[in-house]
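The values are calculated or read from the model by the stated rules, or taken from the named source; none is laboratory data. Computed from a predicted model, the values in this text were never measured in an experiment. Heads up, the Cβs are rebuilt from the backbone with ideal geometry, glycines too, and the neighbour counts pull from every protein chain shown. Each accessible area value is taken on the protein alone, full model and side chains, heavy atoms only, with ligands, DNA and RNA left out. Shrake-Rupley method; radii C 1.70, N 1.55, O 1.52, S 1.80 Å.
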Amino acid sequence: MKICVLVKEVPDAAVEKRLNNSTGRMDRSGEKNLNPYDTHAIEAAMQIREGGVAPVEEIVAVTMGPESAVRALHKAVSLGADRSVHLSDEAVAGSDVAATGYALAQTLRRESPDLVLLGQQSDDGECYTIGAVVAEHLGMPSLTQVIKMDVETGALRCERQAEYGYDTVQVSLPAVISVGDAINEPRYPSLKAIMGAKKKPLETVGAADVEIDTSKVGGENSAARWIAAKAPPAKAAGEIIEDEDTAETVEKIVAWLDERKLI
Amino acid sequence: MTNILVYALHYEGAINKNSLGAVSEGAKLAAELGGEAHAILVGEGVPQDLAASLGNYGASKVLVAEGPEGLAQPVVDAMGAAISGGDYKYALFGGGLLGFEIGAGLAARLGAGVAMEVTAVRAEGGELIAERPILGDSAISEISYRSEVGIVIGRLNAFEIKETGAGAAAVEQLSFELSPHASQAKMITRGEQRGADVDIEGADILVAGGRGLGKAEGFQLCEELAGAFGNNAAVAATRAVVDAGWYPYAAQIGQTGKTVSPKLYLAAGISGAIQHKVGMQSSENIVAINKDSNAPIFEFSDLGIVGDLNKILPKLTEAVKAKKG
Ligand SMILES: Cc1cc2nc3c(=O)[nH]c(=O)nc-3n(C[C@H](O)[C@H](O)[C@H](O)COP(=O)(O)OP(=O)(O)OC[C@H]3O[C@@H](n4cnc5c(N)ncnc54)[C@H](O)[C@@H]3O)c2cc1C
């Protein structure tokens, strides 16, 4: 079995996320990191490999993004991927979720994976749906938010929470699965793996290499058009108590609740 | 014509509340665009009267398609067929989970633009403009569509349910072909209720716990505090802890759980993710205890306490007990 894991470089959690008000794109300056949700997808791939039910020949990390995104790939490799593919092209910059999904699907097509894994969301874009877009383009069955995955012959038995409780769904391979953060506890990369990550094969491809129709990608060609950004309605800031002396803190909470007749 | 096709999710003989809101919103927007709102249901033997009942929420026509329930890709096929054979400019979904998957799949199928987590939609110059909060709700971006069809996926509880009293809608059977990949996922069990069947919806006070409780036993701190408040209090939870098996699904608040608006929502060890916020933000009073002063929950709390819940909750329980005498 060949597993491709989609990963993304996102602003570090500690960086305040901002919008560039002239383009509507995210201001991506500042410290960046591998999207934390993606580490669960890599871990899930590793656990399938180590589980031994289906032999895994290869785990390939795939990303789309600017030059700096190679660092996300290095991190993915240090966590267990065997090699990586980087789609990097000015033509795809600024793509919306539908165009990004199309471009990633084209990149994946060349790899003919048996399974495409990704995280439940990106820490910056928060669309939750890239898996569904990729799956439709590849003509594969798909499920998002999966928190348990058992390998069966030619299929996966998946569990996830949906609107009415937990669903168990059997999905035939090849398939596209986005995993929820409850699926596993990602391991930490060893020092050796971190050092070795840069030596693993990394292939950079452009839009033409993966036969992307460039009239369908990029900010200007994306079907969703960003018009403007505005501030959300102002909301009175809540009161904040820093807990230094807990007895005092609790006294304040009780007084606050009592004032509102909540006790 | 500028018709809108609204997906209506149904389960065990009832239409999902967020879908009812989406149908109401679709009807309002279609009227502004000079078109009609039609709804679509996909399932196994969908009752005729259930489909027709959507007329009460503004759908002038309801399409019913026979297909597997609870999975997104069959609905993409059905909606794709409806849209290619009909006169639709927009597809609309209420908040939840399936709508996200269907809407995104449909966008790929049709080459359509999609906006998700939409909190408001307005008609302007014959087009819809969707408002989509971004960056942890610190800004709202406005999205329009370049494509022939635009897809709008609402945030949970974003669209208000409005009964028009228009009566039953015309119901039409829609035939469509299941694409090969849509038949490669099979529902084994649906809607399993994990954990005890706790009742939290009537409670005036909810003490909610999240991953910050550290372990399943941590919920004892919440239960003791709820106990101190008395009979009108119950304990609620986040998806993170329900997925981890620390607390029953019946107590989960948020996008794939319950929506509540108690007099007091006291959140302990909860970060305040948007999917949680959407289920509790209309609570009358929100109090949050979190050790991280940057936790998003403080952005929408009336009272925030930056500190360790393990220190604060036991003392708070004692103090509430003492106050009540
Ligand atoms: C499609 C989809 C649907 C979802 N549906 C839901 C839903 O219905 N409901 C829901 O809740 N979530 C839902 N989620 C998940 C949601 O995005 C968050 O992951 C989840 O709400 C986080 O739960 P949490 O706050 O318990 O955990 P975390 O985000 O891990 O937060 C734990 C918090 O505890 C604090 N903490 C840790 N230790 C202490 C201490 N000793 N004292 C005080 N504070 C402490 C930390 O600072 C942190 O802020 C959904 C996600 C997706 C993508």
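Which is within 8 Å of chain A (Cβ to nearest Cβ), surrounded by fewer than 22 Cβ atoms within 10 Å (Cβ to Cβ) and either modelled with pLDDT of 95 or more or within 12 Å of the ligand (Cβ to nearest atom) (or both), of B:315, B:291, B:321? Full working, then the answer.
Numbers: B:291 fails: within 8 Å of chain A (Cβ to nearest Cβ); B:321 fails: within 8 Å of chain A (Cβ to nearest Cβ).
None of the other options fit; the residue is B:315.
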Answer residue from region A:126-154, given it is of a type in the set (Ser, Thr, Tyr) and assigned to a strand (DSSP E or B) and is nearest to the chain's Cα centre (by Cα) among those: A:144
Every residue from region B:266-282 that is farther than 14 Å from residue A:238 by Cα and assigned to a loop (DSSP other than H, G, I, E, B): B:269, B:270, B:271, B:272, B:273, B:278, B:279, B:280, B:282
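Being assigned to a loop (DSSP other than H, G, I, E, B), more than 9 Å from the ligand (Cβ to nearest atom) and in contact with a Pro (Cβ under 7 Å, 6 or more places away or on another chain) is true for just one of B:195, B:202. Which residue is that?
Values: B:202 fails: in contact with a Pro (Cβ under 7 Å, 6 or more places away or on another chain).
Criteria check complete, one pass: B:195.
For residue B:200, indicate whether it is open to solvent by less than 40 Å² (accessible area, probe 1.4 Å), away from every other protein chain (no Cβ under 12 Å) and modelled with pLDDT of 95 or more. I'd like the intermediate steps shown before the answer.
On the way: open to solvent by less than 40 Å² (accessible area, probe 1.4 Å): yes; away from every other protein chain (no Cβ under 12 Å): yes; modelled with pLDDT of 95 or more: yes.
In short, yes.
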Residues of region B:261-272 satisfying the condition of being more than 8 Å from the ligand (Cβ to nearest atom) and out of contact with any strand residue (DSSP E or B) (no Cβ under 6 Å at 6 or more places or on another chain): B:261, B:263
Restricting region A:93-116 to residues that are among the hydrophobic types (A, V, I, L, M, F, W, C) and over 19 Å from residue A:71 (Cα atoms), the residue that is nearest to the ligand (Cβ to nearest atom): A:97
Residues of region A:110-132 satisfying the condition of being of a type in the set (Asp, Glu), open to solvent by 10 Å² or more (accessible area, probe 1.4 Å) and touching a residue at least 40 places away in the same chain (Cβ under 8 Å): A:111, A:114, A:123
Considering residues of region B:294-307 that are assigned to a helix (DSSP H, G or I), without any contact (Cβ under 8 Å) to a residue 60 or more places away in the chain and more than 9 Å from the ligand (Cβ to nearest atom) only, the residue surrounded by the most Cβ atoms within 10 Å (Cβ to Cβ): B:298
Scope region A:141-175; condition under 21 Å from residue A:43 (Cβ atoms) and among the acidic types (Asp, Glu); matching residues: A:150, A:152, A:159
Residues satisfying the stated conditions in region B:204-219, i.e. within 21 Å of the chain's Cα centre (by Cα) and either exposed (fewer than 15 other Cβ atoms within 10 Å of the Cβ) or within 20 Å of residue B:323 (Cα to Cα) (or both): B:206
Count of residues meeting criterion [in a strand (DSSP E or B) and either surrounded by fewer than 24 Cβ atoms within 10 Å (Cβ to Cβ) or of a type in the set (Ser, Thr, Tyr) (or both)] in region B:244-263: 1
Unmet requirement for residue B:69, which otherwise passes all of (1) within 21 Å of the chain's Cα centre (by Cα); (2) open to solvent by 10 Å² or more (accessible area, probe 1.4 Å); (3) of a type outside the set (Lys, Arg); (4) at positive phi: (4)
Region A:133-188, residues that are facing chain B (nearest Cβ under 10 Å), of a type in the set (A, V, I, L, M, F, W, C) and open to solvent by 10 Å² or more (accessible area, probe 1.4 Å): A:138, A:140, A:147, A:173, A:182, A:183
Single unsatisfied condition, residue B:47 versus (1) open to solvent by 20 Å² or more (accessible area, probe 1.4 Å); (2) under 18 Å from residue B:91 (Cβ atoms); (3) not small (Gly, Ala, Ser): (2)
Count of region B:106-121 residues which are of a type in the set (Lys, Arg) and under 14 Å from residue A:225 (Cα atoms): 0
Looking only at region B:141-182, and only at residues there that are part of a strand (DSSP E or B) and more than 14 Å from chain A (Cβ to nearest Cβ), the one that is surrounded by the most Cβ atoms within 10 Å (Cβ to Cβ): B:171
Search result, residues across region A:234-250 that are facing chain B (nearest Cβ under 7 Å) and either on the phi > 0 side of the Ramachandran plot or acidic (Asp, Glu) (or both): A:239, A:242, A:243
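Yes/no matrix, rows are residues, columns are (1) open to solvent by 10 Å² or more (accessible area, probe 1.4 Å); (2) among the charged types (D, E, K, R); (3) closer than 29 Å to residue A:171 by Cβ:
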position	(1), (2), (3)
B:25	yes, yes, no
B:39	no, no, yes
B:86	yes, no, no
B:92	no, no, yes
Scan of region B:220-243 for residues that are more than 9 Å from the ligand (Cβ to nearest atom), open to solvent by 30 Å² or more (accessible area, probe 1.4 Å) and within 22 Å of the chain's Cα centre (by Cα), ordered by number: none
Enumeration of residues in region B:59-79 that are small (Gly, Ala, Ser) and either closer than 19 Å to residue B:22 by Cα or in a strand (DSSP E or B) (or both): B:59, B:60, B:65, B:70, B:72, B:78
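Condition test on residue B:215, is it over 23 Å from residue B:96 (Cβ atoms) and in contact (Cβ under 8 Å) with a residue 24 or more places away in the chain?
Values: over 23 Å from residue B:96 (Cβ atoms): yes; in contact (Cβ under 8 Å) with a residue 24 or more places away in the chain: yes.
Yes: the conditions hold for residue B:215.
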Where residue B:256 falls short, out of the listed (1) facing chain A (nearest Cβ under 9 Å); (2) more than 20 Å from the chain's Cα centre (by Cα); (3) near the ligand (Cβ under 6 Å from one of its atoms); (4) farther than 18 Å from residue B:225 by Cα: (2)
